[in-house]
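Participant: Sharing a structure here in structure tokens format.
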Amino acid sequence: MLTGHEIRDRIARRETSALEITKRSIDAVAASEPELRAYLTLTPEYALARAAEIDARLARGEDCGPLAGVPVAIKDLFCTQGVRTTSGSKILANFVPPYSATVVAKLESAGAVMIGKTNMDEFAMGSSCENSGFHPTRNPWDLSRVPGGSSGGSASTVGARGVPIAVGTDTGGSIREPASFCNIVGVKPTYGRVSRYGMIAFASSLDQAGPMTADVRDAAIVLEAIAGLDPMDSTSADVPVPHYEDALRDDLRGVKVGIVREFESSISGDAAMSSLYKEAYAALVRLGAELVEVSLPHAKYGLATYYLIAPAECSSNLARYDGARYGVRVSDGGDVYQMFERTRAAGFGPEVKRRIILGTYALCSGYYDAYYVRAQKVRTLMKQDFDTAFSACDVIACPAVSCPPFELGAKSDPVAMYLMDYFTIPMSLAGIAAMSVPAGYVDGLPVGLQIAAPAFEEGRMLGVAHAYEQSTRFAWARAPKVGAA
Ligand code: GLN
């Protein structure tokens, strides 16, 4: 499968058509799906009809947008009008939204062709896709391993090149960690950069949508297409959206890259991972960057802070799933409270129940100040850590993950799973921009480099990632087991 910009250029030169590309994508996905199971719903009829419509409009000389005819996969927590949207939960197994999320509507007006909705950890809670209420998804690099999560289906299908582009969401690492595990590019934009309207909420002060793509240029194109102020989301920011492709650079002369002292000491015990990251920083230096040491003294409180704030917000957001208003209802007689109980007992999986209970507890009067308010204060300190760090550097480079993709079933202890987001959660709590870009292989399995930038400096971040990607070319260096390079 070509990248999105290659498809754009070939369609512009009339060397191929939206229909031909869409058919190829549908076939590629059909071939890999029995092994990967990256999708919860496939929409081939819709995709073929839409591709034909785009070809007809192009033939009339219309401008169909920067993604005209490009196949895309959508994480199943973006509402899609008329197409089932489950958020990976049995409680929404039959939910068909009456409207589309802003991200979906914007992708459509940019000309993209949706070919399906991707699997995910239930309500985006997890780091492996094993918490899906339906089935796990597998990693195209090794079918015994997880694709990461929660946006695991999106990462797996892009990693296998079933589609060049997908969208995911990241609350504490759910775009960056699966991107690292599947050898793709994943961008978590600044909080407020992209509208959350029509995204099924997990933790509203952290959730953010972003591109998951084969290369950095595609990430730039998709981010420009989906970003911007939306009157339907009061937390979306009124900050102009640049033409991000203009920011892509080929060298890093004059760029100061911060290396986080605390992160380096925590990865130093793993020789293979720490030498991979050392090599990544050396590659940045070869491109002309200057490395400076920075410190994030409160990063060590990231997990504790996140696992109060995210469950607290989730307990509030998920209260709407009671069997009365949305989705599945389980009621074998009894009163309305029994109906609520039975619906939730059957509809929610164990991790979701754990988080609701934890969050409800943290929000109890009497505990609220000790937990939620305190966590918010630590969050402010973390934001200040980043402000100080960025006074000394332009971007931060650091590990995206602490390990390559692990085997299904390997992390049965919830805390072991939570630790997967050690390097990604601080940026989420601070609300800044961060991304993962392929950085090489450990034991033949992909690992990503994380690059973070101040709020609304996605262009700067993508520019650095592009120079690194073009000089190292890890996205193309090897082919996965399933799919093509
Ligand atoms: N793995 C983290 C969690 O389980 C982050 C998930 C996410 O970013 N949606 O909450």
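Participant: For the chain, what proportion of DSSP beta bridges, expressed in % and rounded to the nearest 5, is antiparallel?
Facilitator: Values: 31 of 47 bridges.
Counting DSSP beta bridges with both partners in the chain, the antiparallel share is about 65 percent.
Participant: Quick one: putting +1 on the C-beta of Lys and Arg, -1 on the C-beta of Asp and Glu, what dipole do you get for the chain around its Cα centre, in Debye to the nearest 20?
Facilitator: On the way: 47 positive and 54 negative charges, 96 e Å.
With only Lys, Arg, Asp and Glu charged at Cβ, the dipole is about 460 debye.
Participant: In debye, nearest 20, what is the charge dipole magnitude of region 103-252 about its Cα centre with +1 on Lys and Arg Cβ and -1 on Asp and Glu Cβ, if you could check?
Facilitator: Values: 11 positive and 18 negative charges, 64 e Å.
Charge dipole, region 103-252, about its Cα centre: 300 debye, nearest 20.
Participant: I would also like to ask the following. Just to confirm, what accessible area per residue do you get for region 302-370 at 1.4 Å probe, in whole Å²?
Facilitator: Details: 3570 Å² over 69 residues.
I get 52 Å² per residue for region 302-370.
Participant: Roll a 1.4 Å probe over the protein chains and send me the accessible area per residue for region 386-485 in Å².
Facilitator: Details: 3030 Å² over 100 residues.
Computed with neighbouring chains in place, this is 30 Å² per residue.
Participant: Here's something else I'd like to know. In square angstrom, what is the accessible area per residue of region 162-230 with a 1.4 angstrom probe?
Facilitator: Values: 650 Å² over 69 residues.
Result: 9 Å² of accessible area for each residue.
Participant: Next question, about the same structure. May I ask you to order 297-303, 140-146 by the average number of other C-beta atoms within 10 Å around their residues, highest value first?
Facilitator: Working: 297-303: 18.4, 140-146: 21.3.
Averaged packing, sorted descending, gives the order 140-146, 297-303.
Participant: Oh, and also: Just check region 116-260 against the gyration tensor rule for me: Cα atoms, a ≥ b ≥ c as the square roots of the eigenvalues, rounded for a/c under 1.5, and otherwise prolate or oblate depending on whether a/b exceeds b/c.
Facilitator: oblate
Participant: Leaving out ligands, DNA and RNA, what percent of the accessible area of the chain is carbon and sulfur, probe 1.4 Å?
Facilitator: Working: 9140 of 17270 Å².
Answer for the chain: carbon and sulfur cover 53 percent of the accessible area.
Participant: Continuing with this model, one more query. Can you give me the long-range amide H partners of Gly448? Hydrogens built in the peptide plane at 1.01 Å from N, cutoff under 5 Å, separation of 5 or more residues or another chain.
Facilitator: Ala400, Val401, Ala439
Participant: Let a ≥ b ≥ c be the square roots of the eigenvalues of the Cα gyration tensor of region 201-328; is it rounded (a/c under 1.5), or, if not, prolate (a/b larger than b/c) or oblate?
Facilitator: Working: a/c = 2.49, a/b = 1.42, b/c = 1.75.
Here region 201-328 falls in the oblate category.
Participant: Here's another thing I want to ask about it. Jot down the radius of gyration and Dmax of region 271-365, Cα atoms only, both in angstrom.
Facilitator: Expressed in Å, the Cα Rg and Dmax of region 271-365 come to 22.7, 70.
Participant: Under 1.5 on a/c is rounded, so check that first for region 172-240, then, if it is not, pick prolate when a/b is larger than b/c and oblate when it is not; a ≥ b ≥ c are the square roots of the alpha carbon gyration tensor eigenvalues.
Facilitator: On the way: a/c = 2.63, a/b = 1.43, b/c = 1.84.
Taking the square roots of the gyration eigenvalues as a ≥ b ≥ c, region 172-240 is oblate.
Participant: Per 10 Å bin, what is the whole-percent P(r) computed from every C-alpha pair distance within the chain?
Facilitator: 4, 22, 33, 27, 11, 3, 0, 0
Participant: Once region 307-462 is represented by equal point scatterers at the alpha-carbon sites, with solvent omitted, what log10 I(q)/I(0) does the Debye formula produce at q = 0.09, 0.12, 0.18 Å⁻¹?
Facilitator: Treating every Cα as an identical point scatterer, log10 I(q)/I(0) equals -0.45, -0.74, -1.15.
The values are calculated or read from the model by the stated rules, or taken from the named source; none is laboratory data. Treat the numbers as computed from the prediction; the structure is a model and nothing was measured. Note: ideal-geometry Cβ built from the backbone for every residue, glycine included; neighbour counts use all protein chains shown. The protein model used for the area step is the full one, side chains on, heavy atoms only, and it has no ligands, DNA or RNA in it. Shrake-Rupley method; radii C 1.70, N 1.55, O 1.52, S 1.80 Å.
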